């Protein structure tokens, strides 16, 4: 959540454009998400309803439930 808040503050200022975290890490993704939200707020818009770390993605369906062998050609 700290990385998201840092990105939010940077986005509101539109500076710095590059986050302080290593590329591909959860912190880097959170920082960039916060930056986008902050930049959107600066323009009077809202990009998302909650920070990246608060999102919970639904589980993917198991292979057995979504595709039976009878459905394959």
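The values are calculated or read from the model by the stated rules, or taken from the named source; none is laboratory data. Remember, it's a predicted structure, so these values are computed and weren't measured experimentally. Backbone-built Cβ (ideal geometry, glycine too); neighbour counts: all protein chains shown.
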Qualifying residue in segment 42-51 (condition: modelled with pLDDT of 85 or more and surrounded by fewer than 17 Cβ atoms within 10 Å (Cβ to Cβ)): yes
With the structure loaded, tell me whether residue 7 is modelled with pLDDT of 80 or more, under 14 Å from the mean Cα position of the chain (by Cα) and surrounded by 10 or more Cβ atoms within 10 Å (Cβ to Cβ) or whether it fails that test. yes
